[in-house]
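Below is one structure, written out as structure tokens; the observations come after it.
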Amino acid sequence: MSGEVAALGCAFFWALSSALVRIVAEATPSLALNCARSAIGAVLNIIVLAGFTRSSSLYIPSWRSLACLLLNLSIGIVIGDSLYYSSMRLIGVARSLTISASYPLLTALLSWPLLGERISPTGRAGFVLCIGGIVLVARSASPRELPAAGRRGVRGALLAGAAAICWSVGTVALRAGSTGLNVFAVNALRLTGVALLAGLLAASRNELGSLRSLRARHFLVLVSSSLTGALAGASLYVRAVQLAGAGKAALLASTAPLFSVPLAILSGERVNAQLLAGMVAAIAGMALVL
């Protein structure tokens, strides 16, 4: 499997996982939900690692790899996601996503001097076109929001920009730390770390008790979301980063909103001109990058 195909597969599974997790998100605080999903995902990756992976494909990661993976989960996942959620509360989903959607381009800029990944002029044009299309698709699906004014708007914009920087640093760190490692071993380490950190934060806020009130239907949805997102999606993302490079993998994996469109149409949502224009721009951008 090529890195580009893995990245697009990752985007599909992340879109499916997001659609599933919305069912549980209304009944569970975000930190507790993140802890539960990450813990289930870590267990699933360990099961695959133990039952379906040859021992010859495994080796003990170096201290440098472990340090890079720790940087990925702390800066890229815990801090980056937290900054993004704070930005959403201040300026809304559409504006936060518009600003933070620059993270694949920032990843490409960082991976050039740090990892030696180069992108052709055509590829650079594809990056800009694809990111613009993703923004159009995301904004078309968002409800109209009142403009955020004053310090609140400035702070929200800065937080969204900081989230994009953290995600970029995390992706570059993942590329540097996962080279030569089994993808399921990498994800088992990453998700275990996220589950521990999110669990500690959730416990400090007395949110973990909310997991006991989940119904059987919610638990099945949570497991399904972990299967699609924390196992399939995350494994494909690591593989894409390893094979295609940090910049290209980040861009193609960020096309998850495109795969959300058919799901939205099936649920009865209307398709408008902005959404169609965004899809065309994003697909054209992907063609240039590929």
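The values are calculated or read from the model by the stated rules, or taken from the named source; none is laboratory data. None of the values given here were measured: they were computed from a predicted structure. Note: ideal-geometry Cβ built from the backbone for every residue, glycine included; neighbour counts use all protein chains shown.
Table for the structure above
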read-out: Residue list for the stretch 62-88, restricted to those being surrounded by fewer than 18 Cβ atoms within 10 Å (Cβ to Cβ) and either at pLDDT below 75 or not in a helix (DSSP H, G or I) (or both); value: 62, 85
read-out: In the stretch 1-44, residue nearest to residue 211 (Cα to Cα) [restricted to those that are touching a residue at least 24 places away in the same chain (Cβ under 8 Å) and outside any helix (DSSP H, G or I)]; value: 28
read-out: Test set (1) modelled with pLDDT under 90; (2) surrounded by fewer than 18 Cβ atoms within 10 Å (Cβ to Cβ); (3) not basic (Lys, Arg) - residue 200 fails condition number; value: (1)
read-out: Test result for residue 200, touching a residue at least 24 places away in the same chain (Cβ under 8 Å) and part of a helix (DSSP H, G or I); value: no
read-out: Filter result for residue 221 (out of contact with any Ser or Thr (no Cβ under 9 Å at 6 or more places or on another chain), farther than 30 Å from residue 281 by Cα and either free of Cβ contacts under 8 Å to residues at least 12 places away in the same chain or not in a loop (DSSP other than H, G, I, E, B) (or both)); value: yes
read-out: Hey, residue 47 modelled with pLDDT under 80, out of contact with any Leu (no Cβ under 7 Å at 6 or more places or on another chain) and part of a helix (DSSP H, G or I) or not; value: no
read-out: Of all residues making up the stretch 179-189, the number that are of a type outside the set (A, V, I, L, M) and assigned to a helix (DSSP H, G or I); value: 2
read-out: Flag if residue 206 is farther than 24 Å from residue 66 by Cβ and either of a type in the set (Val, Ile, Thr) or modelled with pLDDT under 90 (or both); value: yes
read-out: Residues being more than 11 Å from residue 131 (Cα to Cα), crowded, with 19+ Cβ neighbours inside 10 Å and modelled with pLDDT under 85 - total across the stretch 89-116; value: 5
read-out: Filter result for residue 187 (at pLDDT below 90, under 18 Å from residue 240 (Cβ atoms) and either touching a helix residue (DSSP H, G or I) at 6+ places or on another chain (Cβ under 7 Å) or surrounded by fewer than 23 Cβ atoms within 10 Å (Cβ to Cβ) (or both)); value: no
read-out: Scan of the stretch 26-44 for residues that are at pLDDT below 90 and either buried (at least 19 other Cβ atoms within 10 Å of the Cβ) or more than 30 Å from residue 247 (Cβ to Cβ) (or both), ordered by number; value: 26, 27, 28, 29, 31, 32, 33, 34, 35, 36, 37, 38
read-out: Residues (of a type in the set (A, V, I, L, M), crowded, with 19+ Cβ neighbours inside 10 Å and either touching a Pro at 6+ places or on another chain (Cβ under 7 Å) or at pLDDT 80 or above (or both)) located in the stretch 119-135; value: 129, 131, 134
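Residues checked against (1) closer than 17 Å to residue 11 by Cα; (2) of a type in the set (A, V, I, L, M, F, W, C); (3) touching a residue at least 12 places away in the same chain (Cβ under 8 Å); (4) not in a helix (DSSP H, G or I):
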{"site": "153", "(1), (2), (3), (4)": "no, no, yes, no"}
{"site": "191", "(1), (2), (3), (4)": "no, yes, yes, no"}
{"site": "227", "(1), (2), (3), (4)": "yes, yes, yes, no"}
{"site": "233", "(1), (2), (3), (4)": "yes, no, yes, no"}
